[in-house]
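One structure is given below, encoded as structure tokens.
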Amino acid sequence: MIEIFNIIFLISSILWILSLKLFANKILIGVSTNEEKLVLNLSLLLNLFLILSFVSVNPKLVFLLLILLPLTNFLQFKKFNISNISMLFFFTFIMSISISSNLRLEWDASALWIYKVINFYNGYTFFNLSQIPGDPTYPHLGAYAWSFFWKNSLFNAEYTGRIFNILVYVLSICLLVDVKNQNLKRIFLISIFLLISIDFFLMSGYQEYFVFSILIIIVYLYQRLIFTKNNKLIFPIILFINISIWIKNEAAFFILFLFISVILNDLLKSNRFKKEIIWLFIFFVIFLLTKYYIFYEIFGKLNTGWVGYKFSEIDKILSIDYIFERSISIFSSILIALIKCKIYVLFLLVALFNISKKNVKNCLPLLIFFLINIFFIYCIYFFTNDPDWRHYMSTTVDRLLFQTSGIYLFPILYYFQKIFKF
């Protein structure tokens, strides 16, 4: 009973912290959803966590201050639709119950991430990461958020910190599925999207869901920026771009591929690209260089892949046997991973049954993004000289593809909207 009460306490606390209206009301113009407001505050909260990870501060004191801040909402008498938040609470609660009954930490979580979590849980900072097991050049923001809510749980259990990741994941799905005044259809669609994207293996301490959710949020906010011409939305997008590169190293590549996809799409359609994308790219480069500078200055090295990753010699790469053997193995692994991830299966089916000149044109950025990601994954394993490359490929390809799969929920949602006519 105490575990259920604790889960309710943590979910309610996080939602309360994210309900602060001050920032959201200054950014959003016109009609907006509660999920949009929560997401904007999430961008602030995660960047605050990033800053706090570099300094020694009492997380319980920070938690108390964060709980007190939303009291300022009472100074702004604006309606807050509790029904949408109820859906978010319900789905988060159900999924939190499921991880509380399965406390196993899988390979990366038990060998890498949990040590970073314990580092912050015990009051140490970013500068102590070189003193713990694992590679210190892996980003740590997800581990800090995990430790923060574990520390502020009503009892000592590491899984309580992972409830925050679940809430962010469910929030990104609820943000995407905005069906006004049709709660039953909304519940149905949210349930479908959760079912096709759920992977309890990845919820056992991995950071993939964090990247999955942040990419959905970035694409959603960028679409809203373009369609509403609300230039203020560029600020939370910038904040989320910064967040992404501090969660996982490959997230920086995914953000770069999004930029390439959007820019190529704009050039193909109008021979010019939007100024908003230029500003976002400039900030992305600044954030990335800053991150690399910090890691190199503190730890004296940068992450270039898994431990032991080395590039093959040129003459070996150009060998016909090498190209043939590697290509077959890599593309077979990618195909299996695509089939394993139900989102890709549904996306490809939707694309197949709705193929037309207009639909292909509308989906061009996604198709470009998809092909770039496939090429990126191919290159990772094609150029490595590590004798264990097959092992790494078998355990990482599906996770690399999963992180970007949430973006393909956008065309799937559009197709469902046409079917159910809402």
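Here are some notes:
- Just so you know, in segment 52-91 the residues that are among the hydroxyl-bearing types (Ser, Thr, Tyr) and modelled with pLDDT under 95 include one that is farthest from residue 42 (Cα to Cα), and it is 56.
- None of 332, 327, 405 is small (Gly, Ala, Ser), farther than 22 Å from residue 215 by Cα and in contact (Cβ under 8 Å) with a residue 24 or more places away in the chain except 327.
- Leading residue by the ranking (surrounded by the fewest Cβ atoms within 10 Å (Cβ to Cβ)) among those in segment 143-159 that are polar (S, T, N, Q) and either modelled with pLDDT under 90 or within 13 Å of residue 205 (Cβ to Cβ) (or both): 156
- Only one of 163, 196, 190, 173 that is closer than 23 Å to residue 349 by Cα, in the same structural domain as residue 122 (by TED's automatic domain parsing), part of a helix (DSSP H, G or I) and in contact with a Ser or Thr (Cβ under 9 Å, 6 or more places away or on another chain): 173
- Test for residue 294: is it within 24 Å of the chain's Cα centre (by Cα) and at pLDDT 85 or above: yes
- Listed by position, the helices (runs of 4 or more DSSP H) inside segment 349-422 whose residues that are modelled with pLDDT under 80, closer than 22 Å to residue 190 by Cα and over 24 Å from the mean Cα position of the chain (by Cα) number at least 3 are 409-420.
- If you filter segment 108-126 down to residues that are of a type in the set (Gly, Ala, Ser) and surrounded by fewer than 20 Cβ atoms within 10 Å (Cβ to Cβ), you find that the one that is farthest from the chain's Cα centre (by Cα) is 123.
- Verdict on residue 144 being within 17 Å of residue 17 (Cβ to Cβ) and among the aromatic types (Phe, Trp, Tyr): yes
Results for (1) under 9 Å from the mean Cα position of the chain (by Cα); (2) not in a helix (DSSP H, G or I), shown as yes or no for each residue.
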position	(1), (2)
204	no, yes
217	yes, no
232	no, no
252	no, no
255	no, no
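- Residue count, segment 127-142 (criterion: surrounded by fewer than 21 Cβ atoms within 10 Å (Cβ to Cβ) and either part of a helix (DSSP H, G or I) or at pLDDT 95 or above (or both)): 4
- Candidates in segment 363-378 are the residues that are of a type in the set (A, V, I, L, M) and farther than 12 Å from residue 260 by Cβ; of these, the one that is surrounded by the fewest Cβ atoms within 10 Å (Cβ to Cβ) is 367.
- Within segment 21-64, considering residues that are assigned to a helix (DSSP H, G or I) and among the small types (Gly, Ala, Ser), the one nearest to residue 144 (Cα to Cα): 43
- Top-ranked residue of segment 243-276 - restricted to ones that are of a type in the set (S, T, N, Q) and at pLDDT below 90, ranked as surrounded by the most Cβ atoms within 10 Å (Cβ to Cβ): 265
- Residue in segment 320-343 that is outside the structural domain of residue 191 (by TED's automatic domain parsing), under 27 Å from residue 199 (Cα atoms) and modelled with pLDDT under 85 present: no
- Selected residue [more than 30 Å from residue 129 (Cα to Cα) and either in contact with a helix residue (DSSP H, G or I) (Cβ under 7 Å, 6 or more places away or on another chain) or not assigned by TED's automatic domain parsing to the domain that holds residue 247 (or both)] from 32, 19, 53: 19
- Counting only residues that are aliphatic (A, V, I, L, M) and buried (at least 23 other Cβ atoms within 10 Å of the Cβ), segment 199-214 holds 2 of them.
- Taking each residue of segment 225-254 that is assigned by TED's automatic domain parsing to the domain that holds residue 38 and farther than 24 Å from residue 376 by Cβ and looking for partners that are in a loop (DSSP other than H, G, I, E, B) and not β-branched (Val, Ile, Thr) with beta-carbon atoms closer than 9 Å, six or more apart or interchain, yields 226/274; 228/30; 230/28; 230/30; 232/28; 233/28.
- Hits in segment 337-348 (condition: touching a residue at least 60 places away in the same chain (Cβ under 8 Å) and either surrounded by fewer than 19 Cβ atoms within 10 Å (Cβ to Cβ) or assigned to a helix (DSSP H, G or I) (or both)): 337, 338, 342, 343, 344, 346, 347
The values are calculated or read from the model by the stated rules, or taken from the named source; none is laboratory data. Worth saying up front: this structure is predicted, and the values here are computed from it rather than measured. Neighbour counts run over all protein chains shown; Cβ positions are idealised from the backbone, glycine included.
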